[in-house]
Ligand SMILES: [Cu+2]
């Protein structure tokens, strides 16, 4: 008998130590991803402590149960204790055990409440940086309010076998480390949700509302998240990629973004005559970015709401009408007025593209000045 008990306790202590020491492993492969803000760290610690407590309870309870099953069997002649409820333990266990359990529960809940408060209360800080995060069907827009920079972030198609399948974007949300960043969440259409586990926060993005979260990232790196509110057919294709860098790299990045924006504006206002190839190339990227969500990548549309542009009467008909609907949109349909959303070069390019892509072959070349005159 005693050798059996010894073995049993050896196994349970090993199990207990294993669970207790699990956080010495640097690779969190089986656990939550590594937290990179204080709040995320707190959440992680609550999780780990809870797992430790429940593992210990599991071992204690199961030890008693298994011991009892083996040694209190009827076949070994064990006689049930008929006086158990009359002893001190029998009388008080029913009170003490629940009180102990409740105490442990409240201990966990108390800590959780404090962490939740830290998450919800946006700290007051002079150097707080504001980023407006706008959910779109199906991409994210990041507006760096303090820097005058806007980033459009769209997923990059990959093979399902790729590690970054549905997890990679063209433009990342670049943020400085050791800086409090306030995120202002809203949506341009349906409800989306901004979720980056390693930052310990998730918030719905609702059109017409602004909600807040904040993060103070303490480690450089790339942190991935996803839209966490089902928002239509391409819900799975709006990943979030945050690149956390030091202050210096962040300033460089901001300067670089401003240059890109300047160059774009300059290019659009130049009097250059654009070639068909140049317009088609620019047009494709404008189209895929801004139009394909509704009219689809191959211009085939989405019946019955979004008309096909491939073979469309307007797209293959008189130029004036085509320009008009793109610039002014169509009231009370989903078609937006693009004249305030795109510059003249982008408008000329996307119209040229529509008139010459997917088998539409009008051969028309539209210059930025054409869009201007008809405006
Ligand atoms: Cu979404």
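The Cα-based radius of gyration and maximum Cα-Cα distance (Dmax) for region 249-375 are 15.3, 50 Å. A quarter of the convex hull surface defined by the alpha-carbon atoms of region 28-118 gives 8.7 nm² as the mean projection.
On a 0 to 90° scale, report how tilted helix 88-120 is relative to the longest principal axis of the chain, with both axes built from alpha carbons and the result rounded to the nearest 10. Here the helix axis deviates by roughly 20 degrees. Compute the FRET efficiency between residue 49 and residue 4 as 1/(1 + (r/R0)^6), taking r as their Cβ-Cβ distance and R0 = 35 Å, and round to the nearest 0.05. E between residue 49 and residue 4, to the nearest 0.05, is 0.60. Relative contact order, whole percent, for region 96-246 stands at 24, derived from Cα pairs under 8 Å and 6 or more residues apart. Taking other Cβ atoms within 10 Å as a rough exposure proxy, 281, 159 sort from fewest to most as 159, 281.
Our helix-only sum for the chain, with -39,500 (n - 2.57) per DSSP H run of n ≥ 4 divided by its residues, gives a mean residue ellipticity at 222 nm of -14000 deg cm²/dmol. Packing-based ranking of 215-227, 76-88, 188-200 yields 188-200, 215-227, 76-88, ordered from highest to lowest mean Cβ neighbour count within 10 Å. Three semi-axes describe the equivalent ellipsoid of the chain; taken as square roots of 5 times the Cα gyration tensor eigenvalues and ordered largest first, they are 61, 24, 19 Å.
At 0.890 mPa s and 25 °C, plugging the Kirkwood radius over alpha-carbon pairs of region 54-209 into Stokes-Einstein gives what diffusion coefficient in µm²/s? Translational diffusion coefficient: 114 µm²/s.
The relative contact order of the chain comes to 12 percent, based on Cα pairs under 8 Å that sit 6 or more residues apart.
The radius of gyration of the Cα set in region 129-265, together with its Dmax, comes out at 14.4, 39 angstrom. Residues 144, 165, arranged from fewest to most other Cβ atoms within 10 angstrom of their Cβ, appear as 165, 144. Relative contact order, whole percent, for region 2-120 stands at 33, derived from Cα pairs under 8 Å and 6 or more residues apart. Relative to the longest principal axis of the Cα atoms of the chain, the long axis of helix 38-71 makes an angle of roughly 40 degrees.
The length gained by stretching the chain between residue 263 and residue 210 to full extension, at 0.36 nm per residue less their Cα-Cα distance, is 15.9 nm.
Most tightly packed first, judged by the mean number of other beta-carbon atoms within 10 Å of their residues, the peptides 336-349, 295-308 read 336-349, 295-308.
Throughout, read-outs are computed from the coordinates displayed, never taken from laboratory work. Only a predicted model underlies this, so the values are computations on that prediction, with no experimental measurement involved. Glycine gets a Cβ as well: all are built from the backbone with ideal geometry, and neighbour counts include every protein chain shown.
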